[in-house]
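Heads up, the thing below is written out as C-alpha cells.
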Amino acid sequence: MRLLLPISASVLFCLSAVSVAEAEDEDAPAPANVEIHEVVDRYVDEQLKAAAITPALQADDANLLRRTMLDLVGRAPTSAEATAFMASDETGKREFTVDRLIASSSFARHQANELNTMLMQGGSGDLLKYLGPATAENRPWNKMFRDLLAADPESGADQFLKSRVKDLDRLANDTSVIFFGVNVSCAQCHDHPLVTEWTQSHFFGMKSFFSRTFENGDFLGERDYGLVKFQTTEGEEQVAPLMFLTGTVLEEPESSEPTDEQKKEEKKQLEELKKNKQPPPAPSFSRREQLASVALEEDENIYFSRSIVNRIWYRLFGRGLVAPVDQMHPENPASHPELLAWLARDLVEHDYDLQRLIRGLVLSNAYSRSSRWDGDDSPSPELFAVAMVRPLTPAQYATSLRIASMNPSWFPEELTGEEFEKRIEQVENSARGFARMIEQPSEDFQVSVTEALLFNNNQRITSEFLRDAGDSLVGKLKTIEDPKQVVDIAVRNVFARPASDDEARVLVEYLSQYKENRLIAAQQLVWALMTTNEVRFNY
Amino acid sequence: MTRRNSSGGLSDQAISRRSFLGSTLATTAVLTAADMTVLDALQSPAMAEELKRKDKRVIVFWLAGGASQLETWDPKPGRPTGGPYRAIQTNVPGIQISELMPKMSQRLQHTSIIRSLNTKIGDHGGGATLMHLGRRDESALKLPDLGAMIAREMGQIDSAVPDYVAFYTATEGRGGGTGQSGFLGARYAPMFLTTESKPADLSLPPGIGEIDHQTRADLRQLLSNRFSEGRKSSSLGSHNEAYARVRGLMSSEQLFDISGEPQSIRDQYGPTLFGEQTLVARRLIEAGTPFVKVSRAWWDSHGQNFETHLELVTELDHVMSGLLDDLEQRGLLDNTLVITMSEFGRTPNINASLGRDHFASAWSVSLTGCGIKGGSVYGKSDEDGQTVADGEIGAAQVFATIFHALGIDHEKEYYVGVRPVPLTDPGTEPLKEVIA
C-alpha cells in the first residue's frame, strides 16, 4: 500500500542525513539497559569535561524539592512538606519522593495541563476532557497522537482538530511543530531559505493529510476526494504529493472530483446529518489515518519520538536539546545528539511511556543542579552546567501563591493520602480564576508591566492572598507576637524553605516599623515575599 | 482598621523607614537585562540620530469597520459612484476632499493623502490584521503590530509612562491582530483600554497608604535583588523591570484624567468619547508615550452609508482638526505623526440599501505631521474609484513610510531564534514622495 518514493534530490539528501545520524547512534556506546538518569549524566558530563567546565553544585534539599514538585505536580511544596523533606535523612529520599509524586493524582492533572498547553498553543477550547483520563492511565504518547488525529468526539480528543479546522494551513503547521518539532511555515510561500531540505512540497504535503477534513455542525468529517494545489515561486501550479516530512510519499487510491450533481447531493446529505446531530460518514480511505501510521513507523518515527523527548526536556530544563523546539533539522543540530537519539529510542522501546521519561530526567544530576552561578561568566546554556530559571505557568503560579497564602495548619504534617490530595485539588480549583489573569510563558518570556500593576494595585491580591481570616497565613501571623517567629513561619510558607540568618535579620528589622499593628505588618511582609521573583520562577 | 500614613506628609517614622530600606537597597544594586534598543543605539555610529528619534510620537485614528474613501479623502463628485456629497477645495491648490471635512480642508498643509491602496483583503479580521501588522499574518509566528514595533523602537526602558496605549471601547472589529506584541513579548503589549478610558490598576488599592505601598515594594525589590545575584535570565530581569516601572506608571494616571483641561481645549476636541480619548492621547504623547491608538468604530455602513458617514466623518473632521491645532500650538506637530486608517475602504458601487460594502482595491489613508510632506497626494484611483490608476501600493509601503518618517530603519531586523524578521517585508520601499 505504501510506496517509498523520494521525489527530489533534496529529499534524498534529507533521508540520507537522517540515516547517517542513525548510523552514528548505533556507534554510541550507551547500552539500552541503563537507567535514564545515568545516561543523561553521562552525556552531559562528557561535554562539560570537553569544555573544561565544572558544573554548579547540586541544589539544596529545599530548592530541589520545590523544583521537582513544580515540575511533577504543578505547585510549590507546603511548609510541612518542605520541612519533612529537609529533615529526612533516609537514603534514597529523592527517588522515593519522585515516585510518590508521580503516583499521585496531582501528577496526572499537571501532565494534562502541560500537554493541553502544548497541544492547544493558546487556541480556543481545550483538551482536558480527553487528557484527564489519558494522563491518569499514563496512555502512551503514540496512542494519544493517534487519538488526536482520529478525533473521536465522545472522548473530547476532537478538540485538537476542531480548534484548527477552519484554517488548514495552521492545522498543518501546528501538527508539524507540535508532534514533529518541525516548523515548515516558511515553506508555504517558498522553499525554506535556511533549511534546504524543506521545500514547498513539505508544507503542502503536510497540508494534504488534512485537506479533506471539514467541520459539519458539531462533527468533523473527512472526504474521499480533494487535492492540494500550490503555486511554486516560479508561478507554476503543482499538485501537492501526500508526503510526510521525511520525504516519504504515500500511495493512495485514485480519487476523482465529484460532479456538480454529486456535490449537490453530498451537501444535502451533510445538511441532513447536521440537523440530526449525526457525524458525516467515514471515508473509505482516510488521509489523516495515513499520517498517524506513517509517522509512527519504525523508519519514520525519528521526528515524532525525538520531538516529544525534546519538548519534555525543554519543559524540565528550560531549554531543549534542540533549541528552539520547533527547529529540529540538520542545520540546527542537538546540543547532545547521542543523548537525544538514545532517549528517543528508549522511549520507543518502552512503549512511549512519558512517565518513565519524566522520572528518568528529574532524577539526573543535570536536573538537580543549583541555578546559581558564582563564577564570572556563566557557561553556555546548552551545556546544562547550571539550572535555568524558568517562569511559572499560570496554573503553577496561582496554585503556589494560594498555598503560600494559607494558614500552614491547613496542611498539617499528619494529613496524608487521599485526604491531603483532596485538599490540594480544592486549592488547585480555587486558584483557576486567578490563573486566568496570568500570561502563559513562551520561550524568552518577558513579564509584563500589567502583571506588576496587578500585583501592586488590584483589589483581588488583597482579597485572595492577604485576607485576615482563620485559614489564611496573614490571619495566623497576626496572632503571633514574636517577630522572629512571624518571619520564620512566613518565609517557610511562602518560599518553602527556612530564612537565612541575614534575611531573618532584615525582615525582623522591617517588621519593627509596624510594631503597633500586627495585621498590617503581616500583610506587608506576606505581600513582599509573595511578589518576589523567587516565587514567580522555578529556580 | 486604623490606617496610618495615608494622608500627605512624611512622618518621622516614614522617613526612617525609607532610609532604612534606601541604605540597604543601595548596596544591593543588581544588573537587570539591558534594553536592547539602548544597546543598539550605543553600538551604532549614527547614535545621535538614534537618540533623536526617541522624541517622536504617533497617534493612530483607527476607523474600525472601514471608512469610505469617497466620503473622506477621495471624493468622486458627479460620478455614478460619487454619492450625494460634493468635493470641496482645500487650502492646498489642486487638492479636493469631501465636503464632510470642511475643517480638515483648511488644514491640509500638514497632511499627505495616499489614494492608491490595494490591500486585497476584504474581510474585517483579515483586513484589520493586515493593517496592524503591515504584512500577512503567519500561522506559526506571532508578529508584532505597528504599536508594538514603535514602542520597541522608541520606548524608554524605565519610562514612567506607558509606551503603547490602545483605546478600543467599541466592540466592533476588536481582536484579529488589533493589539498584539507578538514575538516582541508582553513588554511591548498595549495598555488596552476596552471598558473605561482609564487603565486598570493604576491607583492605590483601597486600604493601603502611599508610604506602606512604597515600603513593601522596596522590601520586595530588596529580596528580589538578593535572589537575582548569580542568576542570569532575561525573564528574571524583566520581572524586576516590570515592578520597577510601577511607581512611574502610577504617576501617569493623571494623564488619563482630562477634567483639569481648560474648557476651550475640551471644546476643541468635542464632548464625544472619541474626542475625549483623543485629548487623552495628546496628553499621553506630550508626556512621552510614543504610540497611542484611538479607535472609533461603526464605520461598516452596508446600509445607510451616507447618514453614517455624515455623522462619523463630521466627528472625525472636528476631532482631527482639533488635535492638529492643539499639537501645532504646543509645538508638537513636527514630532507627532497622526495617521488615519481602517481595515479597508468601501465600494464605489452603492448597494440597494444605500450602503457601501467592503472594498480593498482602491482606498485611502492619511499621514499628517512628523516627517511628512504636507499638502500632497500620493497615487490615484480611476474616475469612478474602482481601481488604482496610479501608484498602487499595499500595507507594507505605508508601514515603511511611517517608519521612515519617524527616523526608524524599516529594514531593521529582529531575530526570532535564527530567523531574521525585518520591520517590513523584504524589498519594501518607503514612499519618497510622501516624506518631507
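All of the numbers you see were taken from the coordinates with simple rules; none came from a lab. Note that the structure is predicted; figures quoted are calculated from it, not measured. Quick reminder, even Gly has a Cβ in these numbers, built from the backbone with ideal geometry, and neighbours come from all protein chains shown.
Can you tell me how the protein assembly as shown classifies by the Cα gyration tensor, rounded, prolate or oblate, using a/c under 1.5 as the rounded cut? Can you show the working numbers first?
On the way: a/c = 1.88, a/b = 1.14, b/c = 1.65.
Because a/c hits 1.5 or more and a/b fails to exceed b/c, the protein assembly as shown counts as oblate.
Given a Förster distance of 60 angstrom, what is the FRET efficiency for A:Gln238 paired with B:Asp334, based on the Cβ-Cβ distance and rounded to 0.05? Taking R0 as 60 Å, the efficiency between A:Gln238 and B:Asp334 is 0.70. Note on segment B:352-392: with charges restricted to the Cβ of Lys and Arg (+1) and Asp and Glu (-1), its dipole about the Cα centre is near 260 debye. Would segment B:309-434 count as rounded, prolate or oblate if I go by the C-alpha gyration tensor, calling it rounded below 1.5 in a/c and otherwise prolate when a/b exceeds b/c, oblate otherwise? Because a/c hits 1.5 or more and a/b fails to exceed b/c, segment B:309-434 counts as oblate. The residues A:Phe203, B:Phe399, when put in order of fewest to most other Cβ atoms within 10 Å, stand as B:Phe399, A:Phe203.
For the protein assembly as shown, a crude dipole built from +1 on the beta carbon of Lys and Arg and -1 on the beta carbon of Asp and Glu, taken about the Cα centre, is about 2740 debye to the nearest 20. In sequence order, segment B:224-235 has phi-based couplings of 5, 5, 4, 5, 6, 4, x, 10, 9, 6, 6, 5 Hz under the Karplus curve 6.51 cos²θ - 1.76 cosθ + 1.60, θ = phi - 60°, and Gly or Pro positions carry x. Once the Cα-Cα distance is subtracted from the 0.36 nm per residue extended length, the A:Glu215 to A:Lys263 segment shows a gain of 15.7 nm. Taken one residue at a time, the phi angles of segment A:371-379 give Karplus couplings (6.51, -1.76, 1.60, θ = phi - 60°) of 8, 9, 10, 8, x, 6, 9, 6, x Hz. Gly and Pro are set to x.
Cα gyration tensor of segment A:147-188, axes a ≥ b ≥ c as square roots of the eigenvalues: rounded (a/c below 1.5), prolate (a/b > b/c) or oblate? Write down the numbers at each step before the final one.
Details: a/c = 4.06, a/b = 1.91, b/c = 2.12.
Taking the square roots of the gyration eigenvalues as a ≥ b ≥ c, segment A:147-188 is oblate.
Ordering A:Leu354, B:Gly375, A:Ile480 by Cα displacement along the dipole of the protein assembly as shown toward the positive end leaves A:Ile480 in first place; charges were set at the Cβ atoms of Lys, Arg (+1) and Asp, Glu (-1). Looking at segment A:436-483, the trypsin sites (Lys or Arg not before Pro) that sit in a DSSP loop and have at most 11 other Cβ atoms within 10 Å of their own Cβ are A:Arg436.
Once the Cβ-Cβ distance of B:Lys432 and B:Glu411 is raised to the sixth power relative to R0 = 22 Å, the FRET efficiency obtained is 0.90.
For segment A:404-433 and segment A:256-325, what is the centre-to-centre distance using only Cα atoms, to the nearest Å? Computed from Cα coordinates, the inter-centre distance equals 40 Å.
Where both residues lie in the protein assembly as shown, what percent of DSSP beta bridges are antiparallel, nearest 5? All intermediate terms of the calculation are to be shown ahead of the outcome.
Details: 34 of 57 bridges.
Rounded to the nearest five, the antiparallel share is 60 percent.
Using a cutoff of 8 angstrom between alpha carbon atoms and counting only pairs six or more residues apart, the relative contact order for segment A:390-538 works out to 33 percent.
Whole Å is fine, so just give me how far the alpha carbon centre of segment B:297-334 lies from that of segment B:352-392. What the calculation gives is 16 Å, centre to centre. Put a plus charge on the Cβ of each Lys and Arg, a minus charge on the Cβ of each Asp and Glu, and nothing anywhere else: the dipole of segment B:225-286 about its Cα centre is then about 460 debye.
What the Cβ-Cβ distance of A:Gln278 and B:Leu310 gives, at R0 = 51 Å and to the nearest 0.05, is a FRET efficiency of 0.50. Placing pseudo-labels 7 Å out from each Cα toward the beta carbon at A:Glu254 and B:Ala170 gives an inter-label distance of 5.7 nm.
So which of A:Lys478/A:Lys515; A:Lys229/A:Lys274; A:Lys143/A:Lys422; B:Lys56/B:Lys120 end up more than 20 Å apart, counting from Cα to Cα? Working shown, then result.
Working: A:Lys478/A:Lys515 11 Å; A:Lys229/A:Lys274 29 Å; A:Lys143/A:Lys422 29 Å; B:Lys56/B:Lys120 31 Å.
Violating the 20 Å Cα-Cα cut-off are A:Lys229/A:Lys274; A:Lys143/A:Lys422; B:Lys56/B:Lys120.
Helical runs assigned H by DSSP (4 residues or longer) give chain A a calculated mean residue ellipticity at 222 nm of -16500 deg cm²/dmol, each run adding -39500 (n - 2.57) before division by the residue total. The fraction of Cα-Cα pairs per 10 angstrom bin, counted from 0 for chain A, comes to 3, 16, 24, 23, 16, 10, 5, 1, 0 percent, rounded to whole percents.
Could the peptides A:243-253, A:86-96 be put in order, highest first, of the mean number of other beta-carbon atoms found within 10 Å of their residues? All intermediate terms of the calculation are to be shown ahead of the outcome.
Values: A:243-253: 19.9, A:86-96: 11.6.
Ranking the peptides A:243-253, A:86-96 by packing returns A:243-253, A:86-96.
The tail of the calculated P(r) for segment A:390-538 beyond 18 Å holds 58 percent of all Cα-Cα pairs.
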